[in-house]
Amino acid sequence: MGFEWYTEFVNTGYKPKKTDLKVLFYFEPDKGISTKEAIGRIASESSTGTWTTLFKLPPRMRKLMAIAYEINGKYVKVAYPIELWDEGNMPQLLSGIAGNIFGMKAIKNLRLVDVTLPKAYIKHYKGPQYGIEGIRKRLGVRKRPIAGAVPKPKIGFSAAEHAKIGYETWMGGFDIVKDDENLTSTSFNKFDERVKLLTKMRDKAMKETGDFKSAFINITGETELMKKRAKLVADYGWDYCMIDVVTIGAAAVQTIREICEDYDLAIHAHRAMHASFDRNPKHGMSMWFLAKIERLMGVNNLHCGTGVGKLVSPREEVQKICQTLRDSVVKERGNLLDQDWRGIKSVLPTASGGAHPGIVPDILDITGYDIVLLVSGGIHGHPRGTRAGAKAAMQAIDAHMQGVTLEEAAKKHRELAQALEKWGRARPV
């Protein structure tokens, strides 16, 4: 059969143009498929190819072919001409470099590891409305991690119960109360009522503490519904909303980015469902690739894992995500590709999942201080309740920033001492 067409998409002598998108793939050919044919299929199926030679092609097709140009064991780099891509259209990009190629029978495993986006592509996106410094200014938190918590369990509380827990969280010294990924509007916790009651508790906490308080309110839903919810959040004087970026899809993320700019809202991005395609190291896509496209589309915070909590998030992966989100220029390191962000603003990584005061230093050693640190069950499970738990977490943050061990700090802080007595320095599984 005539499959020789695929090898025409391979040229190890090709030098990528400045305008090319460069994508790094991990690949494993199926039995009987050569390396050259496998990588040719990847480049072909994600650009101008098909399964056989065709009778006639216009001359421009040669200039539009993706080229597999660098092979290193089971890794290959593919260059894509800029002409293949619709300006500012993230769904279309994903349909190309992350589309049909994952279903090819000739490839046993395929993983989109990273992409270098050229200036010619980036210039059609706005990126985040506020960079890290802009977010810190809005929240009034200059140096330390921004501290937040989800009322736990993540779903089941009434709107009034949720707001009350939020108040206790703020009064313990936290900056943020966060809805979780599956809490939007339910029969027992209506969205509108939750926003209204949480606003009252926010105002009360701000008056009593003198500190600014905020919330990541989950507007996730059908796109038109999200627009209405964003307006309601803004009408009540909030400065943030939250979306589940994977489940709503890239198109909706781009739409909500524009809506939130109109309402002067920052966007907290939850990554729910990400592990369905990024957990397997041989197939799917990497989390730092997802982080890259979310930054380009314009979110302000994005979950990165903790490295030590209850969710799978290896230390190196967490750090690669943080680099992708924070650095203005990312230098190539291993399978993290270079990226010049060309003025696209930075994003705050969000460390979450099984955190408690005893492992706060471990998390901060991995992520640094430019993060949103979510400690949820690890404050609500404190022996003296949410407010004491939040105080314990803040005491742990302060101790680490001063170079003091938690055990030493606990001698002066009852809340931290009680947290360590319950959880110690254990890493949840």
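A short reminder: the numbers here are calculations on the coordinates, not readings from a lab. Quantities reported herein were computed from a predicted structural model and do not represent experimental measurements. Quick reminder, even Gly has a Cβ in these numbers, built from the backbone with ideal geometry, and neighbours come from all protein chains shown.
Things to note:
- Interchain or long-range residues, amide H under 5 Å from K190's placed H: A159
- The stretch 388-429 and the stretch 120-146 have Cα centres lying 30 Å from one another.
- For the pair V329 and S34, a Förster radius of 41 Å applied to the C-beta separation gives a FRET efficiency near 0.65, rounded to the nearest 0.05.
- From its DSSP helices (H runs of at least four residues, each -39,500 (n - 2.57)), the chain gives a residue-normalised ellipticity at 222 nm of -11000 deg cm²/dmol.
- Lys/Arg +1, Asp/Glu -1 at C-beta; the stretch 132-423 dipole; positive extreme among I248, W423, G305: W423
- Between P91, P59, P361, the Gaussian network model of the chain with springs among Cα atoms under 10 angstrom shows the greatest mean-square fluctuation at P59.
- Each DSSP beta bridge with both residues in the stretch 132-423 is either parallel or antiparallel, and the antiparallel ones are about 15%.
- Spin-label pair D262/E193, simplified geometry with 7 Å Cα→Cβ offset, distance in nm: 2.9 nm
- Each of V429 and T209 was given a label point 7 Å from its Cα along the Cα-to-Cβ line. The distance between the two points is 3.5 nm.
- Magnitude of the charge dipole for the chain, about its Cα centre and with charges confined to Cβ atoms of Lys, Arg (+1) and Asp, Glu (-1), is about 340 debye.
- Full extension of the chain segment joining E83 with T186 gains 32.5 nm, where the gain is 0.36 nm per residue of separation less the Cα-Cα distance.
- Note on E133 and R414: their simple-model spin labels are 4.3 nm apart, each label 7 Å out from Cα toward Cβ.
- Whole-Hz Karplus values for the stretch 6-19 come out as 4, 5, 6, 8, 10, 8, 6, x, 6, 10, x, 7, 4, 8 Hz, taken residue by residue from phi with 6.51 cos²θ - 1.76 cosθ + 1.60 and θ = phi - 60°; glycine and proline positions read x.
- Most positive-pole-ward Cα, G221, T35, M273, against dipole of the chain from beta carbon charges: T35
- Backbone amide hydrogens, once placed in the peptide plane, bring M242 within less than 5 Å of I217, N218, I219, H268, excluding anything fewer than 5 places away on its chain.
- For the stretch 9-157, a crude dipole built from +1 on the beta carbon of Lys and Arg and -1 on the beta carbon of Asp and Glu, taken about the Cα centre, is about 720 debye to the nearest 20.
- Folded to 0 to 90 degrees: helix 223-235 orientation relative to the chain principal axis, Cα: 30 degrees
- Dipole check for the stretch 150-209: with +1 at the C-beta of Lys and Arg, -1 at the C-beta of Asp and Glu, and the Cα centre as origin, the magnitude is about 140 Debye.
- Ordered by the number of other Cβ atoms lying within 10 Å of each residue's own Cβ, fewest first, T184, T35, T50 fall into the sequence T50, T35, T184.
- Here the residues W5, W85, W170, W288, ranked from fewest to most Cβ neighbours within 10 Å of their Cβ, fall in the order W5, W85, W288, W170.
- Extension gain, M401 back to E222 (0.36 nm per residue minus Cα-Cα distance, nm): 60.2 nm
- Linear extension gain, N100 paired with K17, 0.36 nm per residue minus alpha-carbon span: 27.4 nm
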